[in-house]
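The next block holds one structure in the form of structure tokens; read it before the comments.
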Amino acid sequence: MFRIRRIHDEVSPANKAALAQIAAIMHSRFSPAPAEEIDQFGRHLHNPFLKSFRTILFIAENMRQRVMGFAYLLHEPRIRFCYLDWIATEVDTSGGGIGGALYDRVRQEAAALDAMGLFFECLPDEAALCPDDVLRTDNRKRMRFYEKYGARPIVGTAYEKPYRPDQNCLPHLMFDGLGRFEKPERIFLRKVVRAILEHKYAGYAAPDYIRMVVDSIGPGPVTLREHRYVKPSTVSTVIVTRPAGRIALVFHDRHAVHHIHERGYVESPVRVRSILREISAHPLFEIVPAKAFPTRFLESVHDADFIAFLRHACAELKDDRLVYPYVFPIRNKTRPPRDRFLLAGYFCIDTFTPISRHAYAAARKAVDCALTAAQELVNGRRLAYALVRPPGHHAERRAFGGFCYFNNNAIAARFLGQYGRVAILDIDYHHGNGQQDIFYDKRDVLTVSIHCDPSHAYPYFSGFRDELGEGEGEGFNLNLPLPEKTDGPRYRSALSSALRRIRAFCPDFLVVALGLDTAKDDPTGSWSLTGRDFELNGRLIGELGTPVLVVQEGGYRTRTLGVTARHFFEGLAAAPIRRPAIGTRDLAPHNNSHRVIFDRATKAAR
């Protein structure tokens with residue numbers, strides 16, 4: 001079993017380990033290995049100016065995070081084409097479909113970027129261009145693989161012309177129309193070839209050589225070579241829709257065991273049922289079962305003694321007994337009470353969030369849902385929704401309250417932080433004091449909260465505009481408190497400010513703490529946002545173009561809760577993606593052939 005995931009940076013530990021394994025694959029597959037390319041792989045991910053292309057790196061890894069293959073894609077957004085620079089699998093990998101899965105993923109990404117074609121190089125399979133019999137046999141296998149997708153060499157140009165008389169076996173330029181384009185237009189192809197030679201091969205291809213190759217693309221239609229290895233009728237050019245096209249919907253069937261049957265306790269199971277009735281059959285969503293995750297993920301944001309207290313206190317309760325905090329030992333925190341239930345006030349921030357027999361189990365399941373949804377983003381999905389209760393954004397590092405026990409969105413953010421930069425956007429009516437407390441002195445997670453002014457709304461003690469973070473986290477917390485009476489336009493003004501800060505942070509993942517209690521007539525709020533406002537807000541967030549994990553927080557007007565959620569997700573999914581400017585071991589093409597040959601003459605062919 002393996003998964004395809006994207007590498008966003010060279011900073012996080014998981015990505016550093018993956019890049020080291022990619023380097024090992026390069027050294028084992030290519031001799032001599034292109035040291036310059038290997039060294040710059042990571043830096044290219046966050047600095048597109050190094051190659052004048054936006055770079056995208058996918059890996060195939062097993063569940064133990066062993067990298068079994070990779071694909072390195074270049075994107076030129078102005079000309080609108082993608083170039084597959086490298087694709088390779090481990091030397092000892094045979095079969096298993098790893099190369100095919102990587103190439104499928106590359107085609108899907110190129111199509112999502114609205115590329116007018118996917119280009120790459122493949123060494124020639126003709127004796128006149130490649131006299132080495134062994135190498136030519138390998139090249140035929142590669143050509144056969146790509147022909148299955150409709151990709152073929154562009155012929156009738158000087159792209160294969162040697163740079164020096166002693167060179168041979170220079171590659172064909174291949175074209176994959178991604179199921180939409182039969183062949184490239186002449187003017188478009190000239191721009192593509194010039195961009196490849198000037199930027200990818202900067203310092204290797206002389207201006208005269210580039211001009212000669214570009215000018216060889218003369219008037220008349222561009223020609224692709226006829227099929228040699230597969231029948232045209234068997235070619236599959238269709239882009240298989242990847243999971244990223246639908247929203248992963250993750251919920252758990254044990255949320256209802258946590259049910260406080262007291263008048264006025266609005267955080268009830270009907271909340272989840274109301275949303276599910278509206279969206280579970282909607283074509284936007286794909287239900288994904290929740291998986292169980294170890295306790296260590298909770299400990300990544302919560303103190304171990306706090307977790308242990310909740311686990312043991314809940315386990316000791318019988319039947320429907322509830323324990324509400326009523327003693328708060330703030331005068332001497334170094335001497336906590338010995339009585340388990342007096343400790344409730346030691347770990348709680350209010351008097352209306354009880355400990356119940358099933359609170360811990362339900363809260364753990366909510367965490368599992370958030371982590372499962374986060375894993376979907378790591379696996380390449382664009383949008384995921386953890387529909388959970390109890391909510392979590394008021395749970396701090398060592399405190400619960402506001403109906404919240406564990407901070408689902410903070411735990412998910414810490415998990416995603418293994419794979420790239422993460423921002424949390426809290427759009428609940430109430431301030432997200434939990435994630436602010438957890439990340440306040442850190443800079444790896446940006447926390448942004450839009451909420452009712454804490455002078456008027458819970459939690460009353462945090463969420464003020466001057467709370468910016470401290471230590472290395474200074475400047476990485478942003479609060480945007482709004483008045484008691486706020487309508488859609490005023491809210492969108494604040495949301496636009498929040499999104500500007502998030503764009504400046506350049507996250508690889510965005511966690512949205514979704515509170516639907518900002519809606520008109522919610523019993524816990526005072527704002528007047530309508531369904532149309534939620535749709536527009538969702539669209540604004542979606543236009544970031546960043547993979548988004550939505551974690552359910554508040555929202556208590558159950559009559560309209562589902563419709564409100566549907567409006568938000570329809571806007572989120574409808575937003576255009578605005579991103580900044582294969583088979584077996586034998587199928588890995590020497591996609592760097594031009595550069596290597598310019599530098600090392602005929603060594604590349606060997």
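Report note on the peptides 114-124, 210-220: ranked by the mean count of other C-beta atoms within 10 Å, highest first, their order is 114-124, 210-220.
In order along the range 185-195, the phi-based Karplus estimate (6.51 cos²θ - 1.76 cosθ + 1.60, θ = phi - 60°) of 3J(HN,Hα) comes to 6, 4, 5, 4, 5, 4, 5, 5, 4, 4, 5 Hz; Gly and Pro are listed as x.
Sort 374-384, 160-170 for me by packing, meaning the mean count of neighbouring Cβ atoms within 10 Å per residue, highest on top.
Details: 374-384: 23.7, 160-170: 15.2.
Sorting 374-384, 160-170 by mean packing, highest first, produces 374-384, 160-170.
In the range 261-385, a dipole from Cβ-located charges (positive for Lys and Arg, negative for Asp and Glu) runs towards its positive end, and of Gly264, Tyr326, Leu284 it is Tyr326 whose Cα lies farthest in that direction. Applying 1/(1 + (r/R0)^6) with r as the Cβ-Cβ distance of Asp133 and Ser280 and R0 = 45 angstrom yields a FRET efficiency of 0.15.
Remark on Glu553: its backbone amide H falls under 5 Å from those of Leu514, Gly515, Leu516, a criterion applied only to residues 5 or more positions apart or on other chains, H modelled at 1.01 Å from N. Under the shape rule built on the C-alpha gyration tensor, where the axes satisfy a ≥ b ≥ c, the range 243-574 is rounded, since a/c falls short of 1.5. Unpaired cysteine residues in the chain (no second Cys Cβ under 4.7 Å): Cys82, Cys122, Cys314, Cys348, Cys369, Cys404, Cys452, Cys506. Sequence-ordered 3J(HN,Hα) estimates for the range 101-113 from the Karplus curve with 6.51, -1.76 and 1.60 and θ = phi - 60° stand at 5, 5, 5, 4, 5, 5, 4, 4, 5, 4, 5, 5, 7 Hz, glycine and proline given as x. Amide H to amide H under 5 Å from Tyr385: which residues, 5+ apart in sequence or cross-chain, H placed 1.01 Å off N in plane? Answer set, sorted by chain and number: Ala248, Leu249, Val250, Val550. Evaluated with a Cβ-only charge set (Lys, Arg +1; Asp, Glu -1), the range 87-144 carries a dipole of roughly 180 debye about its Cα centre, given to the nearest 20.
Give, to the nearest whole percent, the P(r) tail of the range 1-91 beyond 15 angstrom, counting all Cα pairs.
Numbers: 2375 of 4095 pairs.
Above the 15 Å cut-off, the range 1-91 has 58 percent of its Cα pairs.
Look at the dipole of the chain built from charges on Cβ: of Ser28, Leu510, Gly417, the Cα furthest out on the positive end belongs to Ser28.
Over all Cα atoms in the chain, the spread is summed up by Rg and Dmax: 27.6, 88 Å. Once the Cα-Cα distance is subtracted from the 0.36 nm per residue extended length, the Arg180 to Arg228 segment shows a gain of 15.1 nm. Mind listing the long-range amide H neighbours of Asp522? Cut-off is under 5 Å, sequence gap 5 or more, other chains count too, H placed in the peptide plane at 1.01 Å from N. Long-range HN contacts for Asp522: none found.
For the chain, what proportion of DSSP beta bridges, expressed in % and rounded to the nearest 5, is antiparallel?
Working: 33 of 69 bridges.
DSSP beta bridges in the chain are roughly 50 percent antiparallel.
Annotation for Ala504 and Lys318: the two label points, set 7 Å from Cα along the Cα-Cβ direction, are 5.9 nm apart. FRET efficiency for the Asp305 to Gln418 pair, using the beta carbon distance and R₀ = 25 Å, is estimated at 0.50. Of the peptides 66-73, 402-409, the ranking by mean beta-carbon count within 10 Å, highest at the top, reads 402-409, 66-73. For the range 243-574, the antiparallel share of DSSP beta bridges with both residues in that region comes to about 10%. Projecting the Cα atoms of Ala195, Val214, Ile275 onto the dipole axis of the range 168-306, where Lys and Arg carry +1 and Asp and Glu carry -1 at the beta carbon, places Val214 farthest toward the positive end. In order along the range 259-267, the Karplus-derived 3J(HN,Hα) couplings, from 6.51 cos²θ - 1.76 cosθ + 1.60 at θ = phi - 60°, round to 9, 8, 8, 10, 4, x, 7, 7, 7 Hz, and Gly and Pro are given as x. Rounded to the nearest 20 debye, the dipole magnitude of the range 183-257 is 160 debye, with +1 charges on Lys and Arg beta carbons, -1 on Asp and Glu beta carbons, and the Cα centre as origin. Taking the Cα centre of the chain as reference, the dipole from Cβ charges on Lys and Arg (+1) and Asp and Glu (-1) amounts to some 920 debye.
Computed log10 I(q)/I(0) for the range 54-175 at 0.10, 0.16, 0.20 Å⁻¹: -0.35, -0.87, -1.21, from the Debye equation with unit scatterers placed on every C-alpha and solvent omitted.
Read the figures in this text as sums done on the coordinates, not as results from a lab. These numbers were taken from a predicted model, which means no experiment stands behind them. Cβ: placed from backbone, ideal geometry, glycine included. Neighbour counts: every protein chain shown.
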